[in-house]
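Structure record follows, encoded as structure tokens.
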There are 2 protein chains.
Amino acid sequence: MNASEGEEPTVQDQDQDLAELRHALGPKFVTDRARVVTYENDSSRAVFAGAALGVVLAEAAEDVSAALAWAHANGVPVSVRGAGTGLVGGATAYDRGLIVSLERMNRILEFAPQDRLATVQPGVITADLDDAAHEHGLFFPPDPASVRTCTVGGNIATNAGGLRCVAHGVTSDWVAALTVVLADGRIMRTGARTRKNVVGYDLTRLFIGSEGTLGVIVEAVVRLESLPVGPPVTFWAEFDGLPEAGAAVTEIVGSASRPEVLELMDALTVRTIEEVFPSGIRIPRGALLVGQAVGPDAAAHAEAILAICRRHGASAAAVAANDNLVEARRKSNPALSARGLKIACDVGVPVSRLADMFAGVAEVSRRHGIEVASVAHAGDGNLHCKVAAPDTPSGIAAADALIDDITRLALSFDGTITGEHGIGLVKQHELAWQLDDVALDVQRAIKHTLDPMGILTPGRAI
Amino acid sequence: MNASEGEEPTVQDQDQDLAELRHALGPKFVTDRARVVTYENDSSRAVFAGAALGVVLAEAAEDVSAALAWAHANGVPVSVRGAGTGLVGGATAYDRGLIVSLERMNRILEFAPQDRLATVQPGVITADLDDAAHEHGLFFPPDPASVRTCTVGGNIATNAGGLRCVAHGVTSDWVAALTVVLADGRIMRTGARTRKNVVGYDLTRLFIGSEGTLGVIVEAVVRLESLPVGPPVTFWAEFDGLPEAGAAVTEIVGSASRPEVLELMDALTVRTIEEVFPSGIRIPRGALLVGQAVGPDAAAHAEAILAICRRHGASAAAVAANDNLVEARRKSNPALSARGLKIACDVGVPVSRLADMFAGVAEVSRRHGIEVASVAHAGDGNLHCKVAAPDTPSGIAAADALIDDITRLALSFDGTITGEHGIGLVKQHELAWQLDDVALDVQRAIKHTLDPMGILTPGRAI
């Protein structure tokens, strides 16, 4: 592609190369600063200070391919974004880098209800896919808190979790096949539409959770699940302390009545949600456990779970008349942020260590003298602490130091430094806490093999 | 390591290098031909003609590390084996190659029942793990037909399937973390003990199903599932034709009564099993569907499934008094082989295409004039055709040509060339039928990155 064949370079194209990109993509390549700036940050606290070259508003795999081939040839760093709801700076732009936005590739291409598969473009909003699947008696299980704004492509790129993981696993469990644009612009298909497929290496899983560092997902075949029979039964239990609640969770998850949702909020979280989004929730002394059982035996399962809670000292426990408590749980993040509990952490522990973990977090909070709100996808041991911090460098540094201690605590319980948010920019320094030197080396070798110029989301994820 | 430090090289050590290996491993390195020859073949029809240098009877990760470091330094090809039950030549030895056997690393190291995890060495027999888990109220879902002889390490290396996949997925769904020895002898840990973990690339999944080409698995943390409440309910249905049975399967799998096992055998298979292992099974006109429902509502689910079968024209359908039919199904492979139906194929199709696939296989069989027995893990669309062939080169070539046609047929239905057996040696020529050039290229690049000397199971899997 040569700019001299088409329109003249404009004054904005300070070098010939950018004109080539404009020529290839036409109005799908946007350089107007007022527009570009809206694509430069994600939902993390990573603040972007430079200026990206422009945004590719991709409408097809070929647009992504053209953009990456150009970046590869010119050594230009590329950030990739769906809806920009990421929490660790994975989609933050690069100074003089290119931004590839997938928001326009937002069509559901096909439903195959008998095989419980759907083919989607990456920019489809997750809840839109789930809603559309309902019409076929199916649903898409992954449901991160941002389900109404985040995209399926972003979920796959980060291997997103959510509330229903305790029953249905994470995003990677629901992806059958991908179409990926590699760093040099080549387009590759992975996976198959069959339940079993052992042909070569599992490239599908290699790209899931790779946070934009190995390729750009431009199409996905996702698995769907049959809708459960009957409405969900929402239940709740109040505990005087988090550790007792954690012990109850461990027993519930190991029981024959494993629920679809099992969330735990400490008193500070519940009180803050009720203050910011009042709905009449009662504030527990220690913690509120909220969950949903599904299926034909949902009511019996809910009763069995409530009995476990009472055995572990729940001060009150009952079936709820509606799902308001689950909806309230989904608002914990904006509520806590609104009250200054802004710095998020995302660690995981084996479920058997939840009680120890909660006790440890309380101790860390006391030791640092900083308020911490705990919210957990308790059923899978995934804990989101939110830490109070004034908007000053020293306040944020103090919160970061506290989060480092919580993260080390999780690792001391055989846990993980990130359950579902990913590494991005924000957690780079923690990587070597969890991975051994050989694993770090192998990750970097794979990255170099697939992206030898290092243009794709460089310096993040691994 | 230098042989001059220890014992003198024996006459068998025709070069200094081999003495070094003997020095490092002592009696764990076996070169006696009478013993070595028992490790040179797997259960496939790939016949090994050369002579391996020797077998490393590894007892610890360090033994594997020493063996691979030596092979890496000396450019010696390595085959890796658990129990040698593989069906595609993945564990077949190399002429003047090294064999690493993991049969002595057969201990279950730990059960963590609250987290539903177990830590195992690779040589643990799969059924032994499952049986031991039962004592904790848990089970290990993957159950390939060779479950009583195959090893967990082999299951992971090949991403094995089995009968229960329709309900529980494949082996990769049940592995949380691995310890792997890389080609150069370095030892690496992957994964985590948490349900969610998004730290770097999913190296666990990269090694699962890599068929010994990227590293040797020396330890695994596997996930377990809670045992279902109550005994399984076995059900069966007879059909006059396979396509009708296939249509019934499609509806069953999409229903709210998805069973734990759903197997389909054609009349030839049932008749052959009954002839070789008589147990009084009635021979159907077209096909016999056998399954098991589990859980507190097993009986109701079985009835719902039988109703679907009757709607699709089952000539007879009922609940069975015991699980003899499932046990009979597990004997189909030896029974068919005993009667000359020896050449196995392992394709998969989306469940919605099962009926078309069965009709197509019958047409292929007629066209080639060769008898084909069809057995399917019907619930997940995984079909094992076994093809009659005399033990002559031309007979086997004719069977291979027929299997190629069945494989192309599966691909024409958006299927896969292998659902659970893997590629190994036997299916090398089919790889490019399913994978595009870019995917083939990426697989080879990853292989070269992790095993630059090409010593690990070279020329197979990818």
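Here are the numbers:
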{"quantity": "Rounded tilt (10° steps) of A:354-368 against the dominant C-alpha axis of chain A", "calculated": "80 degrees"}
{"quantity": "Segment A:233-412: relative contact order as a whole-number percent, Cα under 8 Å and 6+ apart", "calculated": "29 percent"}
{"quantity": "Residue mean of other protein chain beta carbons inside 10 Å, A:433-442", "calculated": "6"}
{"quantity": "Mean Cβ count within 10 Å, highest first, over the residues of peptides B:354-363, A:246-255", "calculated": "A:246-255, B:354-363"}
{"quantity": "Ranked packing of A:228-234, A:84-90, most packed first, by mean Cβ within 10 Å", "calculated": "A:84-90, A:228-234"}
{"quantity": "Value of relative contact order over chain B, rounded to a whole percent, pairs C-alpha under 8 Å and six or more apart", "calculated": "15 percent"}
{"quantity": "Cα long-axis angle, helix A:61-74 against chain A (0 to 90 degrees, to the nearest 10)", "calculated": "70 degrees"}
{"quantity": "Net charge of neighbours whose Cβ lies under 14 Å from the Cβ of residue A:285, counting Lys and Arg as +1 and Asp and Glu as -1", "calculated": "-2"}
{"quantity": "Cβ crowding within 10 Å averaged over residues, with B:35-43, B:302-310 ranked highest first", "calculated": "B:302-310, B:35-43"}
{"quantity": "Within-13-Å neighbourhood charge of residue A:439 [Cβ basis; K, R +1; D, E -1]", "calculated": "0"}
{"quantity": "Charged-residue dipole, Cβ positions (Lys, Arg, Asp, Glu), segment A:3-101 about Cα centre, Debye nearest 20", "calculated": "520 debye"}
{"quantity": "Rotationally averaged projected area of segment B:108-226 (alpha carbon convex hull; nm²)", "calculated": "6.9 nm²"}
{"quantity": "Shielding of B:347-353 by partner chains, average beta-carbon count, 10 Å", "calculated": "6"}
{"quantity": "For B:228-240, mean number of other protein chain Cβ atoms within 10 Å", "calculated": "0"}
{"quantity": "Convex hull per residue volume in Å³, alpha carbons only, for chain A", "calculated": "148 Å³"}
{"quantity": "Segment B:108-226, relative contact order in percent, only Cα pairs under 8 angstrom and at least six apart counted", "calculated": "32 percent"}
{"quantity": "Degrees separating the helix B:242-254 axis from the principal Cα axis of chain B, which is the longest one", "calculated": "80 degrees"}
{"quantity": "Debye, to nearest 20: dipole size of the protein assembly as shown, +1 on Lys, Arg Cβ, -1 on Asp, Glu Cβ", "calculated": "1080 debye"}
{"quantity": "Cα pair distances of segment B:233-412 binned at 5 Å [whole percent]", "calculated": "1, 9, 19, 21, 20, 15, 8, 4, 2, 1, 0"}
{"quantity": "Dipole moment magnitude, nearest 20 debye, segment A:108-226 about Cα centre, only Lys, Arg, Asp, Glu C-beta charged", "calculated": "340 debye"}
{"quantity": "Taking N as its residue count, the alpha carbon Rg of the protein assembly as shown over 2.2 N^0.38 Å", "calculated": "0.96"}
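Just so you know, all these numbers are worked out from the coordinates, no wet-lab data involved. Note that the structure is a prediction, hence the values are computed from the model and not measured. Note that each Cβ is placed from the backbone with ideal geometry, even for glycine, and that neighbours are counted across all protein chains shown.
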